[in-house]
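Peer 1: Have a look at the structure that comes next, please.
The values are calculated or read from the model by the stated rules, or taken from the named source; none is laboratory data. This one's a predicted model, so the numbers in the text were calculated from it and none came from an experiment. Here the Cβ positions follow ideal geometry from the backbone for every residue, glycine too, while neighbour counts run over all protein chains shown. These area figures cover heavy atoms from the full protein model, side chains too; ligands, DNA and RNA do not enter into them. Shrake-Rupley method; radii C 1.70, N 1.55, O 1.52, S 1.80 Å.
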Amino acid sequence: MASGDDRDAKTHPLRAIPQTEQALVRYEPRALPGAPDDDDSIDLREYWNILVKRKWLILAMVLVVVTATFVATKLQVPEYRATALVLIEPEATQILGFQDFDQTSGRGSAEYRASQYEILRSLSLAEAVVRAEQLEHHPELTGQVRQRSVVAEVRGLASLLVAHVFGATDADLPATEPQPERVSAAPAAGRLRSKLAIEPVRNTQVVRVSVVSFDPEFAARLANAVVREYIDGSLQRRFDSGTQARRFLEGQLDEMRIALERSDRALAQFAREARVSDLDQNIQMARDGLRSKSTRLDEARQEILQLTGWRNLAQQGRIEHLDSGGSGQSGGPSLVAERLAHLEARLQDKTLNYQNMARQYTESFPDRVNLRAEIETLRAEIASEQRRIVSGIAGRLEARTAEAQSLEEAIERREEQLMALNERSVQFNILLREHETNRELYDALLQRMKEVGVAAGVQKSNISVIDEARVPGGAFRPTLTKNLAIASMLGLMIGVALALLLEFLDSTIRRTEDIERLVDRPVLGLIPLVRPRDQKGSSARGRPDRALSHYSVTHPRSAVSEAFRSLRTSLMFSTPTGMPKVLLFTSASQGEGKSTVAANLATVLAQNGASVLLIDADLRRPSLHRDFGIARAPGLTDAIAQAGGASEIQQLLIQGTEQEGLHVMPTGHATPSPAELLSSSQFEQLLNDCRRMFDHVIMDAPPILGLADAVVASRMVDGVVLIASAGQTGKENFRISVQRLHQVQAPLLGVVLNRVDLESPEYSYYSAYYYNYEPDKSHRETEAIPQRKAS
């Protein structure tokens, strides 16, 4: 194989491997250019292809489920349903005025309707129907007559077989005791509930009461009986509720009468001990007196403040500054201040006249002397008036202070009195409220007692029958069409689920995308599957079992032959220098078609005019000598052991075939150590001689897993082609095989996907492609080649 430079290695997945490199290398796969990336997107076409591929499994599941449903439906006994329409409406009027004692209040609500539906389904109502209609021993309600089923029929048949085998007779059975006269209605009521259906009509107050039975007349009878007992039970519950309420009210009324009398006595005794005829009026009078005294005390305190200010002014000699806008009382500070101002005005006038007279007259002038005497008199009066004012202010201040003190003492006594009255008022009000409450409760209970007595005689039901149940004219179930439709859908869902599950659990290689996701090597070609019906007339030398190895000879213009020619073209472009001269074909495990692919590829190469040597290097399970009808020995092992020249090899070991240019070297005699022979220098020399003698050398090597033969031989060839069988080769086995080849740096050219079923939806694209190369419409050459190996 020709080597490339670094630039070629970057653009092509192949690189030259020196023969001197013997160390194992780590396998690190890398993504190929243009390879699809894994993502989480959902491809609906892929799911559709899965379903089409497994269509027979899906159809089989549908057929099984439909058949089982058909048998089960035919085994069932017809059942009839009778339905009665009942109107459940809210009560029009409420006789009692208190809703807490009215058990039917809120009947128009959803809770009330739901409660009524549960009453219709209740066990007590079913027992009442059974007892009223005397159905304790009815066959349907005792379990003697029941619906048939496949399981029950199989169980009954098994019981008969057991009885027949062991010879059990009626005499062997234990004698049954006579049934008691009184039988519990619970078992029959339980079975009646299973036959009963309550269906409210949406957005209405109408309810459908249905009963299913094997007997149409019995179904109608049961439905009407259920409705009748439901109405009677409702009326009875209302009557019982009224009677219970009346008894309850009588007991409460007696207790309340005793409580009322006790509260009356307590209130009267407290009023007598507290000596209050009207406590509220006394409290109000005390509050009014307290309010009046508080007002007077405020006025006194205000006047005390004013008198204190005047006294301070008088003591400072500033009598002229006294407030002239005082209280206005006679003799008050304001009037005194006015008289004092009048005297001071007169004094000022006299003083001014005296000064004027002093400029004109002498001191002894009589008028001047008289005027001076008047001035002295006025001054004495002013002084006397000032003393009188100060004395009056002090006296009034003392009087108002004493008055304020007495008012404070009076207010304190009145507050203590009011607090005592309030304390008595609290106790009095407690007793009064208890008395009034007892009085109101007693009156209410008495009124209720009268209303219950009136309502006891009025019993109007809010439940009415719209349509009574009639005898049904036809069976309600089973419905064969409906059951088969449901069975078809169920079988389809089971089939689809099973198909997807099998596809999910399938870990084999089926498409080229699977290979490209696992390894970094291209898919060189796809070989279609050849079915046995398409092998007619393809025998080689009278041996039909050799037909697949010679398919390219017997059908040179078939789609399979074209697939091998396409593989030949891919190999020509697999390296920059063309097709490698020495090619090794191997697979992950046996039975994947490597020998058949190698033989057909050698055939198409020879048909192209090349000289081709096909070597059977599978020393453990050889098959090419049988496919070509030649002797197994001498062959490859003999050539390695003799180590002769090229002419000797060609004369003794290489045998010709019917195809011109195609030569075969069989395995030769058996050897106990195939791996040592294939790794020897003699084998390498043999390959070099064959490389010079032929244009192409094709080797059929053993599988990779579990053997070292193919791995050892892969280092001595120019290219390795790995064969994978669609739907057979496991992904993990395939990945490990490629990893082993990479560890020894084998020149892996690519992968060939064999046994591609072109009739499968997975290969619809390839099927359309190969159809263009089909010349003979009588032979469907659109299938793959299975492995032809000796067992």
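Peer 1: Among the numbered conditions (1) part of a helix (DSSP H, G or I); (2) farther than 30 Å from residue 292 by Cα; (3) at pLDDT 75 or above, tell me where residue 398 comes up short.
Peer 2: In the conditions (1) part of a helix (DSSP H, G or I); (2) farther than 30 Å from residue 292 by Cα; (3) at pLDDT 75 or above, residue 398 misses (2) alone.
Peer 1: Restricted to the range 226-241, and to residues that are aliphatic (A, V, I, L, M) and modelled with pLDDT under 90, which residue is farthest from residue 126 (Cα to Cα)? Lay out the reasoning, then the answer.
Peer 2: Let us first name the residues in the range 226-241 that are aliphatic (A, V, I, L, M), namely 226-227, 231, 235.
Checking which are modelled with pLDDT under 90 leaves us with 231, 235.
On the way: 231: 13, 235: 17 Å.
Per the criteria, the residue is 235.
Peer 1: Any residue in the range 576-595 that is without any contact (Cβ under 8 Å) to a residue 60 or more places away in the chain sitting within a Cβ distance under 7 Å of a residue that is not in a strand (DSSP E or B)? List the pairs, counting only those 6 or more apart or interchain.
Peer 2: Between residues of the range 576-595 that are without any contact (Cβ under 8 Å) to a residue 60 or more places away in the chain and residues that are not in a strand (DSSP E or B), the close pairs are 578/572.
Peer 1: Considering the range 201-237 alone, what residues qualify as being open to solvent by 60 Å² or more (accessible area, probe 1.4 Å), of a type outside the set (S, T, N, Q) and more than 17 Å from residue 473 (Cβ to Cβ)?
Peer 2: Of everything in the range 201-237, those that are open to solvent by 60 Å² or more (accessible area, probe 1.4 Å), of a type outside the set (S, T, N, Q) and more than 17 Å from residue 473 (Cβ to Cβ) turn out to be 202, 208, 228, 232, 237.
Peer 1: Tell me whether the range 187-194 contains one or more residues that are surrounded by fewer than 19 Cβ atoms within 10 Å (Cβ to Cβ), assigned to a loop (DSSP other than H, G, I, E, B) and modelled with pLDDT under 90.
Peer 2: No: zero hits.
Peer 1: When you look at residue 586, is it outside any strand (DSSP E or B) and touching a helix residue (DSSP H, G or I) at 6+ places or on another chain (Cβ under 9 Å), yes or no?
Peer 2: On the way: outside any strand (DSSP E or B): no; touching a helix residue (DSSP H, G or I) at 6+ places or on another chain (Cβ under 9 Å): yes.
No: the conditions fail for residue 586.
Peer 1: Here's a follow-up. Residues of the range 699-730 being open to solvent by 20 Å² or more (accessible area, probe 1.4 Å) and either among the aromatic types (Phe, Trp, Tyr) or part of a helix (DSSP H, G or I) (or both), which ones?
Peer 2: Residues satisfying the conditions are 712, 715, 716.
Peer 1: Follow-up. Can residue 558 be described as buried (at least 21 other Cβ atoms within 10 Å of the Cβ) and either modelled with pLDDT under 90 or more than 57 Å from the chain's Cα centre (by Cα) (or both)?
Peer 2: Numbers: buried (at least 21 other Cβ atoms within 10 Å of the Cβ): yes; either modelled with pLDDT under 90 or more than 57 Å from the chain's Cα centre (by Cα) (or both): yes.
Yes: the conditions hold for residue 558.
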